[in-house]
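This report refers to the structure that appears directly beneath it.
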Amino acid sequence: MTARYLLSDEEQTIRDVAKRFARDRLAPGYQARDQHDSVIDRGLLAEMGQLGFIGAELPEALGGLGLPCATAGLITETLGYGDFNMAAMAVTGSLIGQIIADNAQPELAAEWIGRLVRGETILAIALTEPRGGSDAANLQVSARRVDGGYCLNGEKTSITSADQADAIVVFARTGSVEERARGISAFLVEGNSAGITRTRFRDIGYRAPGRGSLFFDDVFVPDSHLLGKEGTGFIQVMQGFDYSRALLGLLCLGSAQASLDETWAYINEREAFGQRLADFQGVTFPLAEYETQVAAARSLCYHALQLKDAGMPHSAEGAMCKWLGPKTAYDAIHQCLLSTGHYGYGEDTPHQQRLRDVMSMQIGDGTAQIMKMIIARDQAKQAASRT
Ligand SMILES: Cc1cc2nc3c(=O)[nH]c(=O)nc-3n(C[C@H](O)[C@H](O)[C@H](O)COP(=O)(O)OP(=O)(O)OC[C@H]3O[C@@H](n4cnc5c(N)ncnc54)[C@H](O)[C@@H]3O)c2cc1C
C-alpha cells in the first residue's frame, strides 16, 4: 500500500500513523460521506489536525511542523488511500497555507495558519470566474481602493468549499485589465464579511468539499488583509499551484492504489472456468500495467516535491504530476472496476466513487491542456537557452 520510495525512520513513523488513521478513521465512512449536500466532517478534520496531517510543511513559527514537502506528499498519498475528499483538505491546507504563510502580515498569518493546521477551519481559494478558469489572468472581480482598505465586487465560481469556508483567499483586480496578471492582488476575506453570498453546486464527485459560487457585493477588506504587495497575487497563486499539483497527483494515486489492492484481493478469491481469476493473464496483465504506471507517476510526484524541498524550479514537473497523476489514477480505477465485474459496477464497491472523485482533479487546479502548455513552455525555453 502507498509509497514505496525509501523512507527515513521519521517518515516511516509518520506514514504508519497516517496509514492507521486512513484505515480506521477515514476509509469506513468514505462512501457514507459521498452524499449530495454532505459537508466536510469538521470532527475528522480536527483529528487530522491533531495528528499534524494538515500543512505539515508549514513553518513551525506559525504552528506547522516544518517538515519537508515530500513528507506532506507522503501524508496526502496515504490519507488519499482511505478517503480522497478528507485527504484533499490536507492539500488545500498546504496550498492556501503556503500563500498565507509567505504573504500575510505576521499576526494574520499566525492566526489563520494556527487554526488551519489544527484542523479548526476550512479555507477556500477563489480564482476562477464565470467567463473561464484556464485563462486565469483574465479575471474581472475588482478590488477598489477605499478608506482603510479595499471594496470587492464581482463573482467567483467553481470554488471548492465555497459554502463552508471560514475565510477565502480571493484574487481580484487592483490594476487595469490591460495589466493582466500584474494587475491582480490577493486578499484574505473572512467568510462572515458583509456583502458575500454563497451558492452550492450539485456535482458527480468530490462532494463533501463541494463547489459553489461566491458573490461579492461591496465587500470591505481591511488593508491588513492584503496578501503581499498589490499586483503580486497572480504570482502567489501560480507558485502555490507548482507545489499543490504534485500533492494532487499523489492524492489521486493513493486513491488508485486502494482500488488496485482491493482488486488483487478480489481476483485471488473469485473463480471462473474452474480457476482463480488471478490465474488468467488476461486479468492480471492490465493490473500489472497499472501498478507500473501508478508507481512511475508516484515517483514523478516525489521527484517534483524533492525539487521544491531543494529550492529548485519545479513548475514543469508540477504540471507533469497534475496531468499524469489524475489521468493514470482514473484509468487504473476504471480497470479495477471492470476487473471486479458486475460487483464493480454497483455502488457497494468504492471504485465508482473513486472514479468520480479522482475525475475532479482532471479539471480542478488546471486541466490537462493547461498542464501541457506549462510543460511545453518550459521545454521551449530550455531549448532556446541551449541555442
Ligand atoms: C472539482 C473542481 C474543483 C475546483 N476548485 C476550484 C477552487 O477551489 N478555486 C478556483 O478558483 N477554481 C476551482 N475550480 C475551477 C478550475 O480551476 C477550472 O474549472 C479550470 O481551471 C478550467 O477552467 P474552466 O472550467 O473555466 O474551463 P475553460 O477555461 O472554459 O476550458 C474548457 C476546456 O477548454 C480547454 N482549453 C482552454 N484553453 C485552452 C487552450 N489554450 N488550449 C487547449 N485547450 C484549452 C480546457 O483545457 C478545457 O478542457 C475547480 C474545478 C473543479 C472541477
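Enter the accessible area per residue of the stretch 182-331 (Å², integer; probe 1.4 Å; all protein chains in place).
41 Å²
Please pull out the direction-averaged projected area of the stretch 22-102, using the convex hull of its alpha-carbon atoms, in nm² to one decimal place.
So the Cα hull casts an average projection of 5.3 nm².
Using a Gaussian network model of the chain whose springs link C-alpha atoms within less than 10 Å, name the residue from GLU60, GLU155, GLU129 with the highest mean-square fluctuation.
GLU60
What does the extension gain come out to for ALA383 and SER8, with contour length at 0.36 nm per residue minus their alpha carbon separation?
131.3 nm
For every other residue with a beta carbon closer than 11 angstrom to the beta carbon of ALA143, add +1 if it is Lys or Arg and -1 if Asp or Glu, then tell me the sum.
Summing Lys and Arg as +1 and Asp and Glu as -1 gives +2.
When DSSP beta bridges are limited to those with both residues in the chain, what percentage is antiparallel, rounded to the nearest 5?
85 percent
Among TYR30, TYR343, TYR330, what's the order by accessible area (1.4 angstrom probe), most exposed first?
The ranking, largest first, comes out as TYR343, TYR330, TYR30.
Would you list which lysines come within 23 Å of LYS327, measuring only between C-alpha atoms, while excluding same-chain residues fewer than 8 positions from it?
LYS308, LYS372
With the full set of protein chains in place, find how many percent of the accessible area of the chain is carbon and sulfur; take the probe as 1.4 Å.
Here it works out to 53 percent.
On average, how much accessible surface per residue is there in the stretch 89-168, in Å², for a 1.4 Å probe, leaving out ligands, DNA and RNA?
Result: 35 Å² per residue.
What's the ranking of 230-238, 117-125, 171-179 by average number of surrounding C-beta atoms within 10 Å, highest first?
Most protected by this proxy first, the peptides run 117-125, 230-238, 171-179.
For GLU230, put the label point 7 Å out on the Cα→Cβ axis and report which residues of the stretch 160-200 keep their amide N under 13 Å from it.
173-176, 183-186
Between PHE280, PHE187, PHE220, which gets the highest mean-square fluctuation from a Gaussian network model of the chain, Cα cutoff 10 Å?
Comparing PHE280, PHE187, PHE220 in the GNM, the peak value goes to PHE280.
Taking 0.36 nm per intervening residue step and subtracting the Cα-Cα distance, what contour gain separates GLN275 from SER142 on full extension?
41.3 nm
Using a 1.4 Å probe and counting only protein heavy atoms, arrange GLU289, GLU107 so the residue with the most accessible area comes first.
Sorted by accessible area, descending: GLU107, GLU289.
What 222 nm value per residue comes from the helices of the chain, counting each DSSP H run with n ≥ 4 as -39,500 (n - 2.57) and dividing by all residues, nearest 500 deg cm²/dmol?
Computed ellipticity for the chain at 222 nm equals -17000 deg cm²/dmol.
Taking a cut-off of 24 Å between Cα atoms, list the lysines near LYS156, but don't count ones fewer than 8 places away on the same chain.
Excluding near neighbours in sequence, the set is LYS229, LYS322.
The values are calculated or read from the model by the stated rules, or taken from the named source; none is laboratory data. Computed from a predicted structure; not experimentally measured. Neighbour counts are summed over all protein chains in view; Cβ atoms, including those assigned to glycine, are modelled from backbone coordinates with ideal geometry. Just the protein is used for accessible areas: all its heavy atoms, side chains included, with ligands, DNA and RNA removed. Shrake-Rupley method; radii C 1.70, N 1.55, O 1.52, S 1.80 Å.
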